[in-house]
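Reviewing the structure listed below.
The values are calculated or read from the model by the stated rules, or taken from the named source; none is laboratory data. Just so you know, these numbers come straight off a predicted model, no measurement behind them. In this analysis, Cβ positions are derived from the backbone assuming ideal geometry, glycine residues included, and neighbour counts consider all displayed protein chains.
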Amino acid sequence: ERFITSELNAREENFEATLRPQVFADFPGQDRVKERLRIMVEASTNRGEALSHILLCGPPGLGKTTLANIIANARGSGIKSTSGPVIEKPGDLAGMLTGLNEGDILFIDEIHRLPIQIEEYLYSAMEDFVIDIMLEQGVGARSVRLNLPKFCLIGATTRQGKLSSPLRSRFTMTCRLDYYRVDELEKILTRSADVLNIAADTAGLHEIARRSRGTPRIANNLIRWVRDFAQVRRESIITGPVADQALTMLDIDKDGLDEMDNRIIEAILVKFRGRPVGLKSLAVAVGEEEGTIEDVYEPYLIQEGYLLRTPAGRVVTNKAEMRFGIKGIGGDVS
Ligand code: ADP
């Protein structure tokens, strides 16, 4: 089973890599972020210096990893990628840092999950390009200072709030990625259909874009599902109605909400009768991990105007009540 899992993961990664744009021009959306990054790249190229450290924040699948690679391409620098939970010992970090060339980018995904003692080593690395590591333990313990090449750290996080303020303050630029508009997702899907050789008309792509929760990764996954569906149904092209049937089969509704989105709204309205709910209780009620609710579901439901985060807990809005035709006794019932 482990073999199958790892093989599937590799295949998924491969698939994402195939669809990953390499240049800003192939990356629709996030206009303000792209503009800022382009300026940083150009300025650092002109000065012949390493880029300053950049923090990319936002829900999963919005293009943080992709942007880090595009930045490296645009700057013409090398990039090494790792992730917060993978770096367990100071030596792991020191090894990565000393292996970089002048001007290289170190990309740390899920940087909020770096162990705190490792994070502390990053401070001097980011600020002064040195790292002090302890050799040996006990009586023989001594610390050695290693000089590092001038590198650029790009951190990605789904939770900016979880980052310690000393770390946050060491990034020169913080960019927040937003959910994509439907027309932007249509552009992304048009390119994906091209790369994957999928036949789809504009209405078909529009339907998929509309129901992708504003997220390119989801859009790219859905178009593959719709392609399979069309193939089995012997449809030669993905049209609006074909996409609609395929997505409905996945329990993605007309408003683009999926089963878990609906379960969350319904739990608050019905089980908790519209009263403010804490994250823990909500997670238990819908059978999903707290972290996933916080990173994936809530931000989208909030942006779409179904949910509010208040000091007392999560509450649903009138829009959510109208959707289910139920009025809670708490919340913002007028
Ligand atoms: P994150 O690191 O934020 O979780 P990724 O950068 O891994 O997201 O993107 C997930 C998938 O979505 C990748 O296949 C990527 O190519 C695609 N993607 C994300 N943003 C865009 C975009 N603006 N244009 C085209 N494809 C995108």
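Could we say that Arg227 is of a type in the set (D, E, K, R) and farther than 13 Å from Tyr300 by Cα here? Explain how you work it out, then say what you get.
Numbers: of a type in the set (D, E, K, R): yes; farther than 13 Å from Tyr300 by Cα: yes.
Yes.
Of these, Ile118, Ile131, which one is part of a strand (DSSP E or B) and on the phi < 0 side of the Ramachandran plot?
Numbers: Ile118 fails: part of a strand (DSSP E or B).
Going through Ile118, Ile131 in turn, the sole match is Ile131.
Of Val296, Val270, Val284, which residue is modelled with pLDDT under 95 and over 29 Å from Leu196 (Cα atoms)?
Values: Val296 fails: over 29 Å from Leu196 (Cα atoms); Val284 fails: modelled with pLDDT under 95.
One residue alone meets the criteria, Val270.
Mind listing just one residue for me: the one in region 206-217 that is touching a Gly at 6+ places or on another chain (Cβ under 9 Å) and under 15 Å from Pro28 (Cβ atoms) and, of those, farthest from the ligand (Cβ to nearest atom)? Break it down stepwise before answering.
From region 206-217, those touching a Gly at 6+ places or on another chain (Cβ under 9 Å) are 206-207, 210-217; that's our starting set.
Now narrow it down to the ones that are under 15 Å from Pro28 (Cβ atoms): 206, 212, 214-217.
Working: His206: 17, Ser212: 10, Gly214: 11, Thr215: 8, Pro216: 3, Arg217: 4 Å.
Step by step, filter region 206-217, then rank; the result is His206.
Consider Arg38 against the criteria (1) in a helix (DSSP H, G or I); (2) within 16 Å of the ligand (Cβ to nearest atom); (3) crowded, with 18+ Cβ neighbours inside 10 Å: it satisfies all of them except one. Which criterion is unmet?
(3)
When region 185-210 is examined, which residues are found to be of a type in the set (Ser, Thr, Tyr) and either surrounded by 15 or more Cβ atoms within 10 Å (Cβ to Cβ) or closer than 14 Å to Asn221 by Cα (or both)?
Correct list: Thr190, Ser192.
May I ask you to say which residue of Ile188, Ile154 is part of a strand (DSSP E or B), closer than 30 Å to Phe15 by Cβ and in contact with a Phe, Trp or Tyr (Cβ under 9 Å, 6 or more places away or on another chain)?
On the way: Ile188 fails: part of a strand (DSSP E or B).
Unique residue meeting the criteria: Ile154.
Kindly check whether there is at least one residue in region 45-63 that is within 13 Å of the ligand (Cβ to nearest atom) and over 14 Å from the mean Cα position of the chain (by Cα).
Checking region 45-63: not a single residue is within 13 Å of the ligand (Cβ to nearest atom) and over 14 Å from the mean Cα position of the chain (by Cα).
For region 245-262, enumerate the residues that are in a helix (DSSP H, G or I) and either free of Cβ contacts under 8 Å to residues at least 24 places away in the same chain or not charged (D, E, K, R) (or both). Steps first, please.
Filtering region 245-262 down to residues in a helix (DSSP H, G or I) leaves 245-249, 259-262.
Listed by number, the residues that qualify are Gln245, Ala246, Leu247, Thr248, Met249, Glu259, Met260, Asn262.
From the residues in region 94-113 that are aliphatic (A, V, I, L, M) and in contact with a Ser or Thr (Cβ under 9 Å, 6 or more places away or on another chain), which one is nearest to Glu136 (Cα to Cα)? Working first, answer last.
First pass over region 94-113, keeping only residues aliphatic (A, V, I, L, M): 94, 96-97, 100, 105-106, 108, 111.
From what's left, in contact with a Ser or Thr (Cβ under 9 Å, 6 or more places away or on another chain): 96, 105-106, 108, 111.
On the way: Met96: 20, Ile105: 30, Leu106: 27, Ile108: 27, Ile111: 27 Å.
Top of the filtered list is Met96.
Based on what the data block shows, is Asp295 under 27 Å from Lys162 (Cβ atoms), surrounded by 13 or more Cβ atoms within 10 Å (Cβ to Cβ) and of a type outside the set (A, V, I, L, M)?
Spelling it out, Asp295 is indeed under 27 Å from Lys162 (Cβ atoms), surrounded by 13 or more Cβ atoms within 10 Å (Cβ to Cβ) and of a type outside the set (A, V, I, L, M).
Out of (1) buried (at least 21 other Cβ atoms within 10 Å of the Cβ); (2) under 30 Å from Arg145 (Cβ atoms), the odd one out for Ser52 is which?
Of everything listed in (1) buried (at least 21 other Cβ atoms within 10 Å of the Cβ); (2) under 30 Å from Arg145 (Cβ atoms), Ser52 misses just condition (1).
Cβ-Cβ distance below 8 Å, separation of 6 or more or different chains: which pairs start in region 205-233 with a residue that is without any contact (Cβ under 8 Å) to a residue 60 or more places away in the chain and within 12 Å of Lys187 (Cα to Cα) and end on one that is of a type in the set (D, E, K, R) and in a helix (DSSP H, G or I)?
Close Cβ pairs (under 8 Å, with a partner that is of a type in the set (D, E, K, R) and in a helix (DSSP H, G or I)) amount to Leu205/Glu186; His206/Glu186; Ala209/Asp183; Ala209/Glu186.
Name the residues in region 69-106 that are under 13 Å from Gly155 (Cβ atoms), buried (at least 20 other Cβ atoms within 10 Å of the Cβ) and within 16 Å of the ligand (Cβ to nearest atom), would you?
Result: Ile71, Ile105, Leu106.
Would region 127-139 turn up any residue that is within 16 Å of the ligand (Cβ to nearest atom), surrounded by fewer than 16 Cβ atoms within 10 Å (Cβ to Cβ) and not hydroxyl-bearing (Ser, Thr, Tyr)?
Residues of region 127-139 within 16 Å of the ligand (Cβ to nearest atom): none.
Within region 127-139, not a single residue is within 16 Å of the ligand (Cβ to nearest atom), surrounded by fewer than 16 Cβ atoms within 10 Å (Cβ to Cβ) and not hydroxyl-bearing (Ser, Thr, Tyr).
Examine region 279-297 for a residue that is touching a residue at least 40 places away in the same chain (Cβ under 8 Å), among the aromatic types (Phe, Trp, Tyr) and either out of contact with any His (no Cβ under 7 Å at 6 or more places or on another chain) or under 25 Å from Ala209 (Cβ atoms) (or both), and state whether such a residue exists.
Checked against the condition, which is being touching a residue at least 40 places away in the same chain (Cβ under 8 Å), among the aromatic types (Phe, Trp, Tyr) and either out of contact with any His (no Cβ under 7 Å at 6 or more places or on another chain) or under 25 Å from Ala209 (Cβ atoms) (or both), region 279-297 yields no hits at all.
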